[in-house]
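Engineer: Submitted below is the structure of interest, expressed as structure tokens.
The values are calculated or read from the model by the stated rules, or taken from the named source; none is laboratory data. None of these values were measured; they are calculated from a predicted model. All Cβ positions, glycine included, derive from the backbone under ideal geometry; neighbour counts span all protein chains shown. Calculation scope for accessible area: heavy atoms of the full protein, side chains included, ligands and nucleic acids excluded. Shrake-Rupley method; radii C 1.70, N 1.55, O 1.52, S 1.80 Å.
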Amino acid sequence: MTTADTVLRPETDPAELGFDADRLERIDRHFDRYVDDGRLAGYLALVARRGRIVHVASSGKRDLESGAPVEPDTLWRIYSMTKPVTTVAAMMLWEEGAFELKDPVARFIPSFADARVHLRGSAQKPLTAPLAEPVRIWHLMTHTSGLTYGFHHTHAVDEIYRAAGFEWSTPPGMDLAACCEAWATMPLAFQPGAEWLYSVATDVLGRIVEVVSGQSLDAFFAERIFGPLDMTDTAFFAAPEDHGRLAALYAPDPQTGRVMRYDVMGNAALKPPDALSGGGGLVSTAGDYLRFARMLLGAGELDGVRLLGPRTVRYMTRNHLPRGADLEAFGRPLFAETTFEGVGFGLGFSVVQDPVAGKSPTSVGEFGWGGAASTAFWVDPVEELAVLFFTQLLPSSTHPIRPQLHQLVHQALVD
């Protein structure tokens, strides 16, 4: 029996923790329909409250072609759910006095001192200007640095990234240090601090973790986070003996909406990466990531192991956008289908400010994030909840899984 088998079971009568068991079953029925009609290959959803698992729902296959089912120890590409891990790593070093949030990135990656900002013009002939202020570490943590992702397809700078080989991945043979050097030579989309734009900023932050700690990012994660939290199945790739546990990656068929296998990206998780992506490189299990989420819900501590001080976690999970703005007002959208009314951004997490504006039954102060393959997690300190969802469908905007899961979890709370 694996650790995951013992972890992923309800640990109490839901009524003891304020849930209606029949209402919780609505989670299963709702997402089972996604599997039945082929919109998802399989999924696993987990609800925990006050440190105990209340409900686990799962259905379907981790690999449709082989027929292998979703199981408690299934490995999932968590993509951008890596970002909170990297930000926690950086803030652990911050707590040791290794840097200040206002420090320029150039203190650790000198090439960023020469960064330029795109003013106008095409990707082929951009007109740029010097920095009005340095790119700072807090800009990286809040996605206000001016860096971008090549997959956005909305700005000339996005095209510059794609032309250099940075779209959904990094160019073969380039390690993290080389990627950061390349990004420093590309124009920023705007002056640091002027807007919110989802980007490779957390990858740059991961490089700062390496420079400050003197360790590779995978070694730091293993020694300082995964080992202490007993996250034994989380790493930057699936080891050969675990390939059978790794869920296949899918994308929707444009004609039918049913999932079709997407090995072009999916196979990257089968071998060590050239660049250790602190922005999107980890694979993990539901049991492992639950331990990470419970650490956050515990204000930096889990089972006697403390990674961060409680005041640090509270500071990270406040809205850090200027003048209390939400992402809808201050940010550039991730996808045309995505809206973020009432949601701000902290250090590594989205943060709910106004559930009414967001039209979602959340609590003020709830924080979390998701991954490109439609995974998601959130922590609700008010309701003492940790909720996780795992599947492998690109892109995350394909279906409204996250708001639907919010509805279904909150309607089941009856205390």
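Engineer: Across segment 232-258, what is the total count of residues that are more than 18 Å from the chain's Cα centre (by Cα), free of Cβ contacts under 8 Å to residues at least 60 places away in the same chain and open to solvent by less than 50 Å² (accessible area, probe 1.4 Å)?
Structural biologist: So the count comes out to 2.
Engineer: Residue by residue through segment 403-415, note down the ones that are modelled with pLDDT of 95 or more and either assigned to a loop (DSSP other than H, G, I, E, B) or touching a Gly at 6+ places or on another chain (Cβ under 9 Å) (or both).
Structural biologist: Answer for segment 403-415, where residues must be modelled with pLDDT of 95 or more and either assigned to a loop (DSSP other than H, G, I, E, B) or touching a Gly at 6+ places or on another chain (Cβ under 9 Å) (or both): 412, 413, 414, 415.
Engineer: Suppose the filter is in contact (Cβ under 8 Å) with a residue 12 or more places away in the chain and part of a loop (DSSP other than H, G, I, E, B); does residue 373 pass it?
Structural biologist: yes
Engineer: Moving on. For the condition open to solvent by less than 10 Å² (accessible area, probe 1.4 Å), farther than 30 Å from residue 68 by Cβ, touching a Ser or Thr at 6+ places or on another chain (Cβ under 7 Å) and modelled with pLDDT of 95 or more, what is the one hit in 348, 370, 344?
Structural biologist: Step by step, each of 348, 370, 344 is checked, and only 348 is open to solvent by less than 10 Å² (accessible area, probe 1.4 Å), farther than 30 Å from residue 68 by Cβ, touching a Ser or Thr at 6+ places or on another chain (Cβ under 7 Å) and modelled with pLDDT of 95 or more.
Residues are listed down the side, and each one gets a yes or a no for (1) touching a residue at least 60 places away in the same chain (Cβ under 8 Å); (2) in contact with an Asp or Glu (Cβ under 6 Å, 6 or more places away or on another chain):
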{"site": "291", "(1), (2)": "yes, no"}
{"site": "304", "(1), (2)": "no, no"}
{"site": "308", "(1), (2)": "yes, no"}
{"site": "313", "(1), (2)": "no, no"}
{"site": "340", "(1), (2)": "no, yes"}
{"site": "345", "(1), (2)": "yes, no"}
{"site": "356", "(1), (2)": "no, no"}
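Engineer: Do we find that residue 193 is under 30 Å from residue 296 (Cα atoms), at pLDDT 95 or above, open to solvent by less than 40 Å² (accessible area, probe 1.4 Å) and not in a helix (DSSP H, G or I) in this structure?
Structural biologist: In short, yes.
Engineer: Tell me which of these residue 361 doesn't satisfy, since it passes every other one: (1) more than 30 Å from residue 61 (Cβ to Cβ); (2) part of a loop (DSSP other than H, G, I, E, B); (3) in contact with a Ser or Thr (Cβ under 8 Å, 6 or more places away or on another chain).
Structural biologist: (3)
Engineer: For residue 362, state whether it is modelled with pLDDT under 95, open to solvent by 10 Å² or more (accessible area, probe 1.4 Å), of a type in the set (Ser, Thr, Tyr) and closer than 22 Å to residue 145 by Cβ. Reasoning before the result, please.
Structural biologist: Details: modelled with pLDDT under 95: yes; open to solvent by 10 Å² or more (accessible area, probe 1.4 Å): yes; of a type in the set (Ser, Thr, Tyr): yes; closer than 22 Å to residue 145 by Cβ: no.
Considered against the rule, which asks whether it is modelled with pLDDT under 95, open to solvent by 10 Å² or more (accessible area, probe 1.4 Å), of a type in the set (Ser, Thr, Tyr) and closer than 22 Å to residue 145 by Cβ, residue 362 comes out as no.
Engineer: Which one of these does residue 325 not meet: (1) more than 25 Å from residue 26 (Cα to Cα); (2) of a type outside the set (Val, Ile, Thr); (3) touching a strand residue (DSSP E or B) at 6+ places or on another chain (Cβ under 6 Å)?
Structural biologist: (3)
Engineer: Now for a separate question. Select from segment 107-147 the residues that are out of contact with any helix residue (DSSP H, G or I) (no Cβ under 8 Å at 6 or more places or on another chain) and among the small types (Gly, Ala, Ser) and list them in ascending order.
Structural biologist: 129, 132
Engineer: If you go through segment 222-231 one residue at a time, do you hit one that is buried (at least 22 other Cβ atoms within 10 Å of the Cβ) and of a type in the set (D, E, K, R)? Please lay out each step first, then the result.
Structural biologist: We begin by selecting, within segment 222-231, every residue buried (at least 22 other Cβ atoms within 10 Å of the Cβ); these are 226, 231.
Of the ones still in play, those that are also of a type in the set (D, E, K, R) are none.
Within segment 222-231, none of the residues are buried (at least 22 other Cβ atoms within 10 Å of the Cβ) and of a type in the set (D, E, K, R).
Engineer: Which residue out of 115, 106, 163, 90 is more than 24 Å from the chain's Cα centre (by Cα), of a type outside the set (Phe, Trp, Tyr) and open to solvent by less than 10 Å² (accessible area, probe 1.4 Å)?
Structural biologist: Step by step, each of 115, 106, 163, 90 is checked, and only 115 is more than 24 Å from the chain's Cα centre (by Cα), of a type outside the set (Phe, Trp, Tyr) and open to solvent by less than 10 Å² (accessible area, probe 1.4 Å).
Engineer: Please find, among 60, 18, 67, the residue that is on the phi > 0 side of the Ramachandran plot and either aliphatic (A, V, I, L, M) or free of Cβ contacts under 8 Å to residues at least 24 places away in the same chain (or both).
Structural biologist: Selected residue: 67, the only one of 60, 18, 67 that is on the phi > 0 side of the Ramachandran plot and either aliphatic (A, V, I, L, M) or free of Cβ contacts under 8 Å to residues at least 24 places away in the same chain (or both).
Engineer: Only one of these conditions is not met by residue 71: (1) open to solvent by 40 Å² or more (accessible area, probe 1.4 Å); (2) assigned to a helix (DSSP H, G or I); (3) under 13 Å from residue 286 (Cα atoms). Which number is it?
Structural biologist: All conditions pass for residue 71, except number (2).
Engineer: Given 274, 218, which one is closer than 30 Å to residue 183 by Cα, part of a loop (DSSP other than H, G, I, E, B) and open to solvent by 30 Å² or more (accessible area, probe 1.4 Å)?
Structural biologist: 274
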